[in-house]
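Notes follow the structure.
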Amino acid sequence: MVDLESEVPPLPPRYRFRDLLLGDQGWQNDDRVQVEFYMNENTFKERLKLFFIKNQRSSLRIRLFNFSLKLLSCLLYIIRVLLENPSQGNEWSHIFWVNRSLPLWGLQVSVALISLFETILLGYLSYKGNIWEQILRIPFILEIINAVPFIISIFWPSLRSLFVPVFLNCWLAKHALENMINDLHRAIQRTQSAMFNQVLILISTLLCLIFTCICGIQHLERIGKKLNLFDSLYFCIVTFSTVGFGDVTPETWSSKLFVVAMICVALVVLPIQFEQLAYLWMERQKSGGNYSRHRAQTEKHVVLCVSSLKIDLLMDFLNEFYAHPRLQDYYVVILCPTEMDVQVRRVLQIPMWSQRVIYLQGSALKDQDLLRAKMDDAEACFILSSRCEVDRTSSDHQTILRAWAVKDFAPNCPLYVQILKPENKFHIKFADHVVCEEEFKYAMLALNCICPATSTLITLLVHTSRGQEGQQSPEQWQKTYGRCSGNEVYHIVLEESTFFAEYEGKSFTYASFHAHKKFGVCLIGVRREDNKNILLNPGPRYIMNTTDVCFYINITKEENSAFKNQDQQRKNNVSRSFYHGPSRLPVHSIIASMGTVAIDLQDTSCRSGSGPTLSLPSEGSKEIRRPSIAPVLEVADTSSIQTCDLLSDQSEDESTPDEEISSNLEYAKGYPPYSPYIGSSPTFCHLLHEKVPFCCLRLDKSCQHNYYEDAKAYGFKNKLIIVAAETAGNGLYNFIVPLRAYYRPKKELNPIVLLLDNPLDDLLRCGVTFAANMVVVDKESTMSAEEDYMADAKTIVNVQTLFRLFSSLSIITELTHPANMRFMQFRAKDCYSLALSKLEKKEREKGSNLAFMFRLPFAAGRVFSISMLDTLLYQSFVKDYMISITRLLLGLDTTPGSGFLCSMKITEDDLWIRTYARLYQKLCSSTGDVPIGIYRTETQKLATSESQISISVEEWEDTKDTKEQGHHRSNHRNSTSSDQSDHPLLRRKSMQWARRLSRKGPKHSGKTAEKITQQRLNLYRRSERQELAELVKNRMKHLGLSTVGYDEMNDHQSTLSYILINPSPDTRLELNDVVYLIRPDPLSYLPNTEPSRRNSICNTTGQDSREETQL
């Protein structure tokens, strides 16, 4: 063994460490040979090629050296001309022979040798088998002409004075400059600018032409006028500029011929260069150029990334973004892969936008384009999805890739991302703010069914407005509605606030009520300094702290308000008797200029414990006192909280066990064991103890468990909510959960019917005749990139059909474009709708962001556009809490201790409260609810009927000629009079117009004839409705359905509804007003043992239902 080991040769050092790791077995008889690999062929030619051509940095140095040699040769030619003495005579020998000193000749020979050697070497290295291709190149020919005569003169001294056109080296210098610029861009790893290269080529071409012409004319005129270089320069400039003074002209025919040749060359070369330059300039204008690094470091800018930019999207973004005063100095850089639209180009040429908006054509997936937009220096990046795509999932995929690319390129840039489908949210969880369209859309549709016009309420809250809309209108409801629409959500720290600073240590409801009473602001939520969660109306147990962030609704933020005491002398006695201390001084008005609002404040005196007596005035013999309203306590009493009506709904449910047993529906409260997508917030809601078989979910088909085939047979106690959609997507989860939330009483839970196809028979089977609401969202198949506004065509026509067949049905729908809301419940001859259209145009001309708000379907909450919520994403740049507050209001997120949005209806028993301020006090003192607005409905039935009759009388009298013609035209009236019958309320203007129109007609008939005419017109006017009603009833009879309950004449044509957000305290309450409330979380008032009870319920609910949960 010793001999064997001694025969093993020692291993090279490079293998010894590897032997320690892998062991030395198998290496004893190793015959391996070390092989070195090269990226190129290891030959002398390849090494030279690598140094002179392939290597970027060395090639750049070689070309820079070559460029310097060419410039040096041109400089030596100029020196030779300046040192030469002009000889006398006109002999042609002066053209071919020049005076050249020996040192100058030596320098020119050295330059020629080096240049020729470099040219031959580069030709050899680039040789590819065709020698003539290398020889016949123009640069090679010029090099031979300029270098070979000097080299020959070395061996033939008599040729040292031979003229050589060395000035032609300027063209070789131009060629070397172009190659040097290309190598420079390659060496520094930056994309070259085609515009810069083209400008450089144009300038260098022009300089070469002028230099060649100067030197050529000067040399050829040696036998003529003997011009110097300056005179030649003067002549060339005058000639090429087409001025032609004529004081300097060539004399010899050779110089004249040279000038003609140079002009021809200039006329051919320069236009080509200018054409290419103009083309590149136009292309650069389309692509938008770059956003300079210097501007990015000295100015603030945000980047908007979209797949296609439309004028509506652009104007919504710009109007909302620049509505905030502190964003006026920001620049907006738009990064879009498509060419700029014509309308967008026109808008961006407006001086107001051209100075602040920069359009760049490029892709967010390219680092070069992100570098052009200076994404790493941007304050924020907004990434919007294209909702007009046929495949919405594909649109989300593009948005996700853009978000990933931006995050990879600029990790510190805040991201504001809009996504369409909720199942794609988890891919962009890293984004700072995310708005999912389908989540918000279905949540607002669901809340519209239980809290009317919630979509309008949210839309108005997230839009920036000064409340000036509709103030020039003669309609009082439009003035009030427009003024209240200016309310928005703001925030301020308690200790820095004039509104809320004095309520430190007081309960939340006390602070909310008294702040509204004093200043007219509505305190809706708070956030602790050490907690990121926002609490909406945490209830009377919550004690305000100095570091709390307060969220309130007001017409403007507190920082834009100036407080000033007025009429101090007149209020002096009142102040002395009611106010004690500086903290109780009254503030009677807020005076504000542009950007602020003037508010008349209520009396801020401190009331006594008993408070004023709220007694009704005696009416006749009645001696009934109005119930008094309890004061809102500064610190909530435990006993009073326990007696509050916060859990009244649950107590009502538990007090009727017989009804639950009879209904055979056993509910439990808990969290759904499964969520349809990642990222959904768990919501405590009503669940079934046992999973319902899938066969029982088909309402129109019987199974072995039940034999019902229509909604009527089920005998539902509550009215149905029908959802008409094309597909049952994951977004429907956000529609079901708010309708099954735990705080909703069991007796108020509405059955939900999902209608995937909506022919008339299916509509009747699912109970459309006695449904509470019908939600229509079937528009995915009509998405078309060719005409964006046609994306709503199917939805609009379907809703119009439902409206004509079932006029009493409450239909709620969502559109892609707000401009299409004018087609909802469309009536071609509705004068009031035409008046609203004119009002909308006027508001748009004034620059309003809410020009569409006066459309009756939108004001009533029957339609909204999800594109309106784009402003929610834009506002988050300034108000980072807006998305969280909106999600809490819609029930998309639930925070322990945070309240929820609900509503209550004002009945006759509640009218004793009289004003909104007293209602505020009543709610805060009893249940802890905080009201935030009113949904009001007005009725004008008499005015509508009179105007409709007057219009119909005039039209019928104009068409009455003969009996046969009258009969024939009356048949034609049957198809058009339905439009007359479908008038909504025609108010003051339309009534006056109709009455003036009726007065113009001939009054040749008596009162009896007029009555008969009106009766006939009523028949004509109602004939189409009756025809539609008969159609529906016949189909119901054919399907075996009962026609009881189908009321074809009961509709909402003579009513209008609108929202008053945070109305003034002295607003009078009216019958059937719906008040929006933020109610405290009932679970926050349960004892500590309650969570364990809820956990046990959840466990028993989910142990046998892990496959499917029925909400």
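The values are calculated or read from the model by the stated rules, or taken from the named source; none is laboratory data. Everything numeric here is computed off the predicted structure, so don't read it as measured data. Every residue, glycine as well, gets a Cβ built from its backbone with ideal geometry; the counts of neighbours run over all protein chains shown. Please note that ligands, DNA and RNA were not included when accessible areas were found on the heavy atoms of the full protein model with its side chains. Shrake-Rupley method; radii C 1.70, N 1.55, O 1.52, S 1.80 Å.
Structure notes:
- Taking all protein chains into account, the per residue accessible area for segment 815-928 stands at 33 Å² (1.4 Å probe).
- Protein accessible area in segment 664-773, 1.4 Å probe - carbon and sulfur %: 52 percent
- Rolling a 1.4 Å probe over the protein heavy atoms gives segment 322-389 an accessible area of 45 Å² per residue.
- Each peptide among 1033-1041, 459-467, 539-547 gets the average number of other Cβ atoms lying within 10 Å of its residues, and from highest to lowest they stand as 459-467, 539-547, 1033-1041.
- Surface share of carbon and sulfur [accessible, 1.4 angstrom probe, percent] for segment 147-283: 73 percent
- Zone of V199's modelled label, taken as backbone nitrogen in segment 256-278 under 18 Å from a point 7 Å along Cα→Cβ: 273-278
- Each 10 Å bin, from zero up to the one with the longest distance, holds this percent of the alpha carbon pairs of segment 326-384: 21, 51, 27, 1.
- Listed peptides 139-147, 1059-1067 appear in the order 1059-1067, 139-147 once ranked by packing, highest mean of other Cβ atoms within 10 Å at the front.
- Carbon and sulfur %, accessible surface of segment 841-901 computed with the full protein complex present, 1.4 Å: 49 percent
- Segment 424-482: Rg to Rh, with Rh as the Kirkwood radius over Cα pairs: 1.16
- Solvent-free Debye scattering, log10 I(q)/I(0), computed from the Cα coordinates of segment 280-361 at q = 0.19 Å⁻¹: -0.85
- Other residues within the sphere of radius under 12 Å centred on the Cβ of N169, judged by their own Cβ, net out at +1 (K and R +1, D and E -1).
- Two-site label geometry, V243 and I1012: point separation in nm, points 7 Å out along Cα→Cβ: 9.9 nm
- Projected-area mean, segment 467-555, by convex hull of Cα positions, square nanometres: 6.2 nm²
- Gain upon complete extension [W253, I144; 0.36 nm per residue less C-alpha separation]: 36.5 nm
- On a per residue basis, the convex hull of the C-alpha atoms belonging to segment 350-478 measures out at 182 Å³.
- A simple spin-label model places the labels of L1028 and F770 2.3 nm from each other, with each point 7 Å out along Cα-to-Cβ.
- Calculated FRET efficiency for the pair K846/R346, C-beta based, R₀ 30 Å, to 0.05: 0.90
- Restraint check, K841/K905; K429/K842; K128/K174; K557/K905; K70/K256, Cα-Cα greater than 32 Å: K841/K905; K429/K842
- A 1.4 Å probe run over the protein chains yields, for segment 131-268, 52 Å² of accessible area per residue, whole-number rounding.
- Multiplying the residue separation of Q56 and S110 by 0.36 nm and removing their Cα-Cα distance gives an extension gain of 16.7 nm.
- D_trans [Stokes-Einstein, Kirkwood Rh over alpha-carbon pairs] for segment 713-774, 4 °C, 1.567 mPa s, µm² s⁻¹: 104 µm²/s
- Close amide H contacts of L523 (hydrogens built in the peptide plane, cut-off under 5 Å, sequence separation of 5 or more or a different chain): H516, I553.
- Net length available on complete extension from H705 to D880 is 57.9 nm, with 0.36 nm assigned per residue and the Cα-Cα distance removed.
- Take each peptide in 234-247, 684-697, 388-401, count the other Cβ atoms within 10 Å of every residue, and average; sorted highest first, the result is 388-401, 684-697, 234-247.
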